[in-house]
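See below for the structure under consideration.
The values are calculated or read from the model by the stated rules, or taken from the named source; none is laboratory data. Note that the structure is predicted; figures quoted are calculated from it, not measured. Here the Cβ is made from the backbone with ideal geometry for all residues, glycine too, and neighbour counts use every protein chain on show.
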């Protein structure tokens, strides 16, 4: 089962990298859904020999909440806010990809000196979860639209969740469920925030005056 | 000595005989995806035969470079073929470091193609040359990164060891690395052979294409050589990826060869499916696709180092 865990970890990092390289917000949300579904499979592989009800609950909860519900809410948000579908990165996409590659290498380098308690199912879980967190952080920092920042936050959460899964036995279920609820609440709030922010941007004079300044100076 | 000659000859016969068929299968799959019947899979052979019967027409402004380029291109891929193992057939030429020779043979062919395109003085061909030079720089980065990863895994820098017998058998141990290498190499294959997300092999609209625009002025036998070289190059790139994907060996040469050829057929169908289901990327986004290939290769390299150190 180790090879399947490895595969999922690699895919999760790959999806984070793919989000970083996507131009369309819809595409980003779809990739995020795929990443969450992959993440939902990990508990099955981790405890393949003795599958408990808790594993199934966590896995299904992840898949339904992060793989279906959250993308649905985000799609709802971008449909109803009538925003442009292109992301607006601060740094170019090409540079983001190179930065992402550097971050992945950094995550592996940091993991060299990290020792986790207990026996790990696979030696790739820790570096890959760190890489996902860093890539999510990068998405959050370098993409200016509110929805894309929410997505970056969610990718970061996925990385933390992967990390928590590797310490599964040491952690009570409540914490796991807490993380899921946390995200659920966060998306809800963010969806509303996005709504407001975007409406105000479109009505407000801020954008107009900025472009005028650009012309005169 | 006679034996060596025979191996080389046999290798060339396989490559030259099957390469147009590979292109034909891709075209057939694309036609079927589009709901058409499509040309027979042997159509590329007919087209090559037709071109080989024709005469070449040369512009008065061109020099010997223009005439040399098709021959150099064709010779280069034939030389490249000798360095690659194909299924059970071992590479006729193998030595430590032949991956570098292979990469630079391809670069030589590309250099001649670019200079020949510039030689015509056609501004469209100049545009195509500039794009080809830029994109091949980036795809070479990914290609070499993958070679380094494979070299770390096999502790060898010869094609015969790197994609030869023992690598695919390590799938259970290092499948994430091989997966990344295969994914990255596949993007390189699409870019180097001008397949759809990067370049459309069917279009003849000068403003958007890369490879087709560079061979606009070639005609007759010269064009046949260029098309044949393109087909062989595509076949050989697939021949690098397919052995990495087959995780078992039966031990029987005939069965192994059959599995390899079935894998090549599957690869042709897959390329056709990818080409049918994707649109051409905008030119300024091709760069990002190639950078993703390089990032995947780098990721594979990091994981290989991580595993190698553990």
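Listing for the model above:
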{"item": "Residue in region A:133-155 that is nearest to the other protein chains (Cβ to nearest Cβ), counting only those that are buried (at least 18 other Cβ atoms within 10 Å of the Cβ) and not in a helix (DSSP H, G or I)", "result": "A:143"}
{"item": "Hits in region A:1-16 (condition: more than 19 Å from the chain's Cα centre (by Cα) and within 7 Å of chain B (Cβ to nearest Cβ))", "result": "A:3"}
{"item": "Residue list for region B:105-119, restricted to those being within 17 Å of residue B:81 (Cβ to Cβ) and out of contact with any helix residue (DSSP H, G or I) (no Cβ under 7 Å at 6 or more places or on another chain)", "result": "B:107"}
{"item": "Residue check for residue B:137: free of Cβ contacts under 8 Å to residues at least 60 places away in the same chain and within 22 Å of the chain's Cα centre (by Cα)", "result": "yes"}
{"item": "Residues of region B:52-76 satisfying the condition of being part of a loop (DSSP other than H, G, I, E, B) and touching a residue at least 24 places away in the same chain (Cβ under 8 Å)", "result": "B:54, B:55, B:56, B:57, B:59, B:61, B:62, B:63"}
{"item": "Residues (within 21 Å of residue B:301 (Cβ to Cβ) and more than 8 Å from chain B (Cβ to nearest Cβ)) located in region A:117-132", "result": "A:122, A:125, A:126, A:128, A:129, A:130, A:131, A:132"}
{"item": "In region B:233-254, the residues that are in a helix (DSSP H, G or I) and over 18 Å from residue B:10 (Cα atoms)", "result": "B:234, B:237, B:238, B:240, B:241, B:242, B:243, B:244, B:245"}
{"item": "Criterion: closer than 21 Å to residue A:190 by Cα, modelled with pLDDT of 80 or more and buried (at least 20 other Cβ atoms within 10 Å of the Cβ) - qualifying residue of A:42, A:64, A:13, A:70", "result": "A:70"}
{"item": "Close pairs (6 angstrom Cβ cut-off, 6 or more residues apart or separate chains): in contact (Cβ under 8 Å) with a residue 40 or more places away in the chain in region B:121-133, assigned to a helix (DSSP H, G or I) and surrounded by fewer than 20 Cβ atoms within 10 Å (Cβ to Cβ) anywhere", "result": "B:129/B:118"}
{"item": "Candidate set from region B:262-278 (those that are in contact (Cβ under 8 Å) with a residue 40 or more places away in the chain and over 17 Å from the mean Cα position of the chain (by Cα)); member that is nearest to the other protein chains (Cβ to nearest Cβ)", "result": "B:278"}
{"item": "All positions within region A:59-116 that are within 14 Å of chain B (Cβ to nearest Cβ) and under 19 Å from residue A:146 (Cα atoms)", "result": "A:86, A:87, A:89, A:91, A:92, A:93, A:96"}
{"item": "Conditions (1) away from chain A (no Cβ under 14 Å); (2) modelled with pLDDT of 85 or more; (3) over 30 Å from residue B:48 (Cα atoms); (4) over 15 Å from the mean Cα position of the chain (by Cα); number of the one not met by residue B:144", "result": "(4)"}
{"item": "Residue B:236 at pLDDT 90 or above, touching a strand residue (DSSP E or B) at 6+ places or on another chain (Cβ under 9 Å) and away from chain A (no Cβ under 14 Å)", "result": "yes"}
{"item": "Residue match in region B:281-298 (condition: away from every other protein chain (no Cβ under 11 Å) and more than 21 Å from residue B:135 (Cβ to Cβ))", "result": "no"}
{"item": "Given (1) surrounded by fewer than 23 Cβ atoms within 10 Å (Cβ to Cβ); (2) modelled with pLDDT under 90; (3) part of a helix (DSSP H, G or I); (4) within 14 Å of chain A (Cβ to nearest Cβ), index of the condition residue B:212 fails", "result": "(4)"}
